[in-house]
Amino acid sequence: MKRLLVAVLLSASAAAFAAPPRPFDEASLAGIRRQLDGRPFILALWSIHCAPCREELPRLQALARRYPTVPVVFVAADPPEAHGDVERLWQAMAMDGPPGWAFAHDYLERLRFRIDPDWFGELPRTYFHAADHTSRAHSGVVDLQQTEAWLSAVSAAP
Amino acid sequence: MVIRRLFTMALALLIGTHASGQPPHAGHGQRPALGASAAFDANGRLWAVHSDGEHVRLSASDDHGRTWHPAGKVNAEPEPIAASGDNRPKLVFDPSGRLHVSWTRPLAKPYTGEIRIASATTPGAAFSPPRTVHRDRQAITHRFDAITVARGGELVVSWIDKRDLVAARAKGEEYRGAAIYYAVSRDGGGSFEPERALAAHSCECCRIALAPTRDGNVQALWRHVFDPNVRDHATATIGLDGRDRPVRRATRDEWALDACPHHGPSMVEDRAGRLHAVWFTGAPGREGAYYGRLGADGMEAVMRLPDARAAHADLAVRDDVVVLAWKRFDGQATELRTLRSQDGGDNWGEAHSLARTTGASGQPFVLVEAGRFHVFWHGREFPLGTWRLP
């Protein structure tokens with residue numbers, strides 16, 4: 001019964017549902033890292049203004065779903081006045097689950113700097129975090145084959 | 001710094017801003033986006049436009065931006081206005097003193113929009129109802145408007161347009177990036193000729209630079225997508241005689257990227273006919289903002305701006321004096337930085353900081369009036385902030 005309940009809850013979560021994105025502030029990434037301590041994860045930054053993101057996000061999520069031990073943390077680099085659009089676009093892209101995070105305010109360069117001082121704001125921007133949370137940054141649409149190889153490697157690691 | 005702060009607060013009060021830093025008429029608890037522009041009229045009065053919810057608002061200053069007073073709404077009827085990132089409302093004066101304001105109106109679907117313009121016979125007079133510049137009315141991308149006035153008085157509006165991408169996809173074909181389109185008005189904004197394509201395969205999300213030139217044409221500079229995905233800059237001449245000059249490459253940073261940099265160039269012509277430009281690249285090993293003069297084979301006298309994290313540079317020129325301004329975030333605060341050349345961009349002085357803020361800000365723009373340089377920088381802590389250079 002308990003197992004059934006869990007299955008029902010999981011399947012319920014595996015469909016886009018309307019919810020505002022969680023506000024991503026200067027402390028959020030540190031919190032995410034604490035929560036995912038010792039685990040590999042992908043930090044995927046996108047924006048409602050970024051056309052390539054629209055093609056990338058569903059593909060990245062679909063791919064990552066096959067490696068459930070490696071979470072993908074989606075963060076929209078869009079300020080609060082755009083969070084309604086973030087939510088709508090998330091649903092339009094048929095993304096699973098709630099729409100991740102979005103920038104908590106419009107002092108964008110400060111939020112960007114906190115994530116990575118060497119990131120200029122180009123989107124999509126993806127960080128592949130190993131289990132020890134050293135990360136590799138990629139600007140632009142990710143290569144799905146390379147991403148799959150990375151996912152496979154970090155999932156297989158002890 | 002304290003004086004600056006007091007000055008800022010006074011300025012904020014003068015344009016009707018609450019001491020909290022909320023621009024006027026914010027509504028719904030949301031802060032208006034920070035895209036704003038300013039221009040001097042022929043009498044040395046400074047005018048600015050910024051977005052406030054679903055209105056573009058006009059402000060005026062008789063003291064070079066030290067104090068401002070509201071000068072009304074540009075659009076009487078509310079409509080969405082793009083004013084974040086490389087989007088902002090813009091204003092130009094034509095030779096007869098008419099004021100023209102352009103902006104991008106986002107439509108309901110993501111990435112779609114229309115280029116809007118409203119004109120007033122004199123600043124302070126009522127604006128015409130806004131009109132859409134282009135004849136193409138598909139709900140697709142027409143965004144990132146740029147506006148200028150050619151030496152002959154023609155009004156030129158240019159933008160990023162995806163009609164050719166949409167048409168190619170309908171035929172099952174691929175299309176790299178978007179396109180640059182433009183439209184010309186020869187009657188002071190009363191009507192626009194049908195829009196024309198200037199270039200195929202532009203980047204999708206960076207502002208376009210338009211520089212009126214001595215020959216009566218307009219030189220455009222924009223971030224392009226060179227095959228297969230190199231997001232360097234291209235340039236072309238908008239011929240006001242109806243004859244455009246072919247697209248050529250302007251920068252060679254080799255920034256290969258399938259992404260939106262949201263970081264467009266600026267360009268101006270000096271009295272001798274030289275075109276001065278600033279642009280940004282994230283190409284590995286070359287990351288940064290650059291100055292250069294546009295020659296026949298691309299940029300010459302190229303100089304990397306001295307700050308590693310220089311962003312959103314702009315420039316103005318008078319005679320041989322070139323002034324650059326840009327933003328730099330140092331981890332704590334955003335600084336407004338400037339740099340000057342006295343010899344047309346061959347040699348440069350020391351960069352120095354004009355202002356610093358720990359609040360959100362838009363992009364800086366360099367203005368020149370009666371031989372003096374000013375930097376306009378709209379920020380939460382200094383609405384319509386304007387600094388006069390020594």
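Which one is nearest to B:Gln363 (Cα to Cα), of the residues in the stretch A:95-111 that are in contact with a Leu (Cβ under 9 Å, 6 or more places away or on another chain), buried (at least 20 other Cβ atoms within 10 Å of the Cβ) and within 13 Å of another protein chain (Cβ to nearest Cβ)?
A:Asp106
More than 17 Å from A:Val73 (Cα to Cα) and away from every other protein chain (no Cβ under 13 Å): is that true of A:Ser135 in this structure?
Taking the combined requirement at face value, the residue does not satisfy it.
For the structure I just gave you, tell me whether A:Leu151 is part of a helix (DSSP H, G or I), within 16 Å of the chain's Cα centre (by Cα) and within 13 Å of another protein chain (Cβ to nearest Cβ).
So A:Leu151 fails the test.
For the subset of the stretch A:67-94 comprising residues that are away from every other protein chain (no Cβ under 12 Å), in a loop (DSSP other than H, G, I, E, B) and in contact with a Ser or Thr (Cβ under 9 Å, 6 or more places away or on another chain), which member is surrounded by the fewest Cβ atoms within 10 Å (Cβ to Cβ)?
A:Pro68
Pairs needed: first member in the stretch A:103-130, among the aliphatic types (A, V, I, L, M) and outside any strand (DSSP E or B); second member anywhere, modelled with pLDDT of 95 or more and buried (at least 20 other Cβ atoms within 10 Å of the Cβ); C-beta distance under 6 Å; at least 6 residues apart or different chains.
A:Ala104/A:Phe24; A:Leu111/A:Phe103; A:Ala130/A:Pro40
Considering only the stretch B:116-152, how many residues are outside any strand (DSSP E or B) and either among the aliphatic types (A, V, I, L, M) or more than 16 Å from B:Ala39 (Cβ to Cβ) (or both)?
Selection size over the stretch B:116-152: 18.
Residue by residue, here is whether (1) without any contact (Cβ under 8 Å) to a residue 12 or more places away in the chain; (2) among the β-branched types (Val, Ile, Thr); (3) closer than 12 Å to B:Ser102 by Cα holds:
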position: B:Ser119; (1), (2), (3): no, no, yes
position: B:Thr122; (1), (2), (3): no, yes, no
position: B:Pro130; (1), (2), (3): no, no, yes
position: B:Arg135; (1), (2), (3): no, no, no
position: B:Ile140; (1), (2), (3): no, yes, no
position: B:Thr148; (1), (2), (3): no, yes, yes
position: B:Arg151; (1), (2), (3): no, no, no
position: B:Glu154; (1), (2), (3): no, no, no
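Identify all residues within the stretch B:36-66 that are without any contact (Cβ under 8 Å) to a residue 40 or more places away in the chain and crowded, with 17+ Cβ neighbours inside 10 Å; write none if there are none.
Of everything in the stretch B:36-66, those that are without any contact (Cβ under 8 Å) to a residue 40 or more places away in the chain and crowded, with 17+ Cβ neighbours inside 10 Å turn out to be B:Asp52, B:Gly53, B:His55, B:Arg57.
When you go through (1) within 14 Å of another protein chain (Cβ to nearest Cβ); (2) surrounded by fewer than 22 Cβ atoms within 10 Å (Cβ to Cβ); (3) outside any loop (DSSP other than H, G, I, E, B) one by one for B:Thr237, which number turns out not to apply?
With (1) within 14 Å of another protein chain (Cβ to nearest Cβ); (2) surrounded by fewer than 22 Cβ atoms within 10 Å (Cβ to Cβ); (3) outside any loop (DSSP other than H, G, I, E, B) applied to B:Thr237, the lone miss is (1).
Going by the conditions given, is B:Glu287 within 14 Å of chain A (Cβ to nearest Cβ), surrounded by fewer than 22 Cβ atoms within 10 Å (Cβ to Cβ) and of a type in the set (Asp, Glu)?
Taking the combined requirement at face value, the residue satisfies it.
Looking at the stretch A:17-55, which of its residues are at pLDDT below 95 and assigned to a helix (DSSP H, G or I)?
A:Ala51, A:Pro52, A:Cys53, A:Arg54, A:Glu55
Of all the residues that make up the stretch B:67-105, how many are surrounded by fewer than 22 Cβ atoms within 10 Å (Cβ to Cβ), assigned to a strand (DSSP E or B) and within 14 Å of another protein chain (Cβ to nearest Cβ)?
0
How many of the residues in the stretch B:183-234 are touching a helix residue (DSSP H, G or I) at 6+ places or on another chain (Cβ under 8 Å) and away from every other protein chain (no Cβ under 14 Å)?
Within the stretch B:183-234, residues that are touching a helix residue (DSSP H, G or I) at 6+ places or on another chain (Cβ under 8 Å) and away from every other protein chain (no Cβ under 14 Å) number 2.
The values are calculated or read from the model by the stated rules, or taken from the named source; none is laboratory data. Everything quoted here is computed from the prediction, not taken from an experiment. Quick reminder, even Gly has a Cβ in these numbers, built from the backbone with ideal geometry, and neighbours come from all protein chains shown.
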